[in-house]
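Presented below is the structure to which this report refers.
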Amino acid sequence: MTRILLLGGTSEASTLAKTLAEAGMDAVFSYAGRTAKPVSQPLPTRVGGFGGVDGLADYLQAEGITHVVDATHPFAAQMSTNAVRACKAAGVNLCAFERPAWQAGEGDKWVHTDSIEAAVGALPETPARVFLAIGKQNLSQFAAKPQHHYLLRLVDAPEAELPLPHTTVEIARGPFDAAGDTALMQRHGITHVVAKNAGGAGAAAKLTAARTLGLPVIMIGRPQVPERPVLGSVAEVMAWLSHSPA
Ligand code: 3Y8
Ligand code: NAP
């Protein structure tokens, strides 16, 4: 009997959750608990970490999970790594449901970097006005360049003091649209955009806005995760679920 654990937190996961619910499949949706009020899902939902690889392997066993779909974000590398290890240990089927990385197009001015630290290094020395649309988990690295004014877009208002001296905080949960991001970046006189190569539509608005405004984008490449089957559409995931052994 197929029982699915859907590791969520992205628009792809939400789309898949809807299809699984409509198909009446036995599935559990999982959030990390990173935001105060995550979007509700049409599936039974659990929130919070599993307790590392062993915690996840125990969960899979205890819940009789037969299939794990890792639809977390390409930058949720720890979760994805744990899922590979735990599913191997528990003998449970695993696939990733992931959107392709963005590619620079006509008129894009991208500077490719392979880490948050390299993105900090790619910022100029002379003071600039930087749209830092990478959430709140990696802000402290940018304290190495305090001379810039940072526009921060966060899902929840920060509890602790921010590690940067000159900031404007915008509280918003995507998905975002290009017109809104263009107006936002003009209003704040943005000169540089920093983005993670998330892929997908939900975070792409700022790239379209940067192209419109002729601004450079410092693009952070995806972290490495261990090999596992990667599918690119809901239809492929549904086919995988019906063809792989329960
Ligand atoms: C908690 C669930 C859905 C999912 C929507 C997508 C789209 C909107 C765009 C910008 C970039 C960023 C950030 C972003 C986007 C979607 C998707 C996506 C980027 C929620 C959500 C959770 C999170 C966690 C949050 C991180 C942060 C990253 C903000 C819900 C809204 C910057 C990633 O405050 C924090 O601690 C935020 C943490 C991880 C990255 C970071 O390192 O800070 N996402 N985002 C999930 C959980 O608990 O398991 O609250 O409803 C989901 C979404 N965020 O169902 O429609 O699919 O990508 N999320 C990035 O791309 O760089 C914003 O502002 O332009
Ligand atoms: P991460 O760094 O890869 O994971 C850190 C730990 O958080 C994991 O080891 C796990 O804890 C827990 N965790 C992560 N995702 C989980 C999930 N879906 N369900 C249960 N536990 C989870 O993850 P992250 O980058 O902080 O991402 C956290 C959540 O935000 C994920 O749902 C992800 O899809 C979503 N998100 C992240 C980004 C991003 O830029 N990173 C963007 C959009 C959405 P244990 O080890 O205790 O199991």
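The values are calculated or read from the model by the stated rules, or taken from the named source; none is laboratory data. Just so it is clear, the structure is predicted and the values come from calculations on it, not from any experiment. No Cβ is skipped: glycine too gets one built from the backbone with ideal geometry, and neighbour counts run over all protein chains shown.
Here are Val92, Val111: which of them is farther than 12 Å from Val225 by Cα and surrounded by 19 or more Cβ atoms within 10 Å (Cβ to Cβ)?
Checking each option against the conditions leaves just Val92.
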**Report entry** Lone qualifier among Gly121, Gly91 - being modelled with pLDDT of 95 or more and on the phi > 0 side of the Ramachandran plot
**Finding:** Gly91
Requested in this report: Out of the residues in the range 202-220 that are of a type in the set (Gly, Ala, Ser), closer than 14 Å to Met185 by Cα and in contact with a helix residue (DSSP H, G or I) (Cβ under 6 Å, 6 or more places away or on another chain), state the one that is nearest to ligand 2 (Cβ to nearest atom).
Outcome: Ala205
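Can you list the strands (runs of 3 or more DSSP E) lying wholly within the range 7-110 that have 2 or more residues being touching a residue at least 40 places away in the same chain (Cβ under 8 Å)?
Working: elements: 27-31, 45-47, 67-70, 93-97.
Where strands (runs of 3 or more DSSP E) fall fully within the range 7-110 and carry at least 2 residues being touching a residue at least 40 places away in the same chain (Cβ under 8 Å), they are 67-70, 93-97.
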Report summary line: For Glu170, the lone unmet condition from (1) assigned to a helix (DSSP H, G or I); (2) charged (D, E, K, R); (3) over 25 Å from Phe97 (Cβ atoms); (4) within 19 Å of the chain's Cα centre (by Cα) is (1)
Query raised in the report: Among all residue pairs at least 6 apart or on different chains, which show Cβ distances below 8 Å where the first residue, located in the range 203-215, is of a type in the set (D, E, K, R) and the second is within 14 Å of ligand 1 (Cβ to nearest atom) and part of a helix (DSSP H, G or I)?
Result: Lys206/Asp181; Lys206/Met185
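Please go through the range 80-89 and give me each residue that is surrounded by 20 or more Cβ atoms within 10 Å (Cβ to Cβ) and within 11 Å of ligand 2 (Cβ to nearest atom), ordered by number. Even if it seems obvious, please write down each step before you answer.
As a first pass, look at the range 80-89 and keep what is surrounded by 20 or more Cβ atoms within 10 Å (Cβ to Cβ): 80, 82-83, 86-87.
Within the range 80-89, Ser80, Asn82, Ala83, Ala86 qualify.
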**Report entry** Boolean, Ala157 is under 30 Å from Ala235 (Cα atoms) and either away from ligand 2 (no atom under 16 Å from the Cβ) or not in a loop (DSSP other than H, G, I, E, B) (or both)
**Finding:** no
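Quick one: which of Lys196, Lys145 is at pLDDT 95 or above and more than 24 Å from Gln103 (Cα to Cα)?
Values: Lys196 fails: more than 24 Å from Gln103 (Cα to Cα).
Every option except Lys145 fails the conditions.
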Query raised in the report: Which of the following residues is under 17 Å from the mean Cα position of the chain (by Cα) and surrounded by 22 or more Cβ atoms within 10 Å (Cβ to Cβ): Leu56, Leu7?
Result: Leu7
Report task. Among the numbered conditions (1) touching a residue at least 24 places away in the same chain (Cβ under 8 Å); (2) surrounded by 14 or more Cβ atoms within 10 Å (Cβ to Cβ), tell me where Tyr150 comes up short. Result -> (1)
Report summary line: Going through the range 66-107 in order, the residues found to be within 16 Å of ligand 1 (Cβ to nearest atom) and acidic (Asp, Glu) are Asp70, Glu98
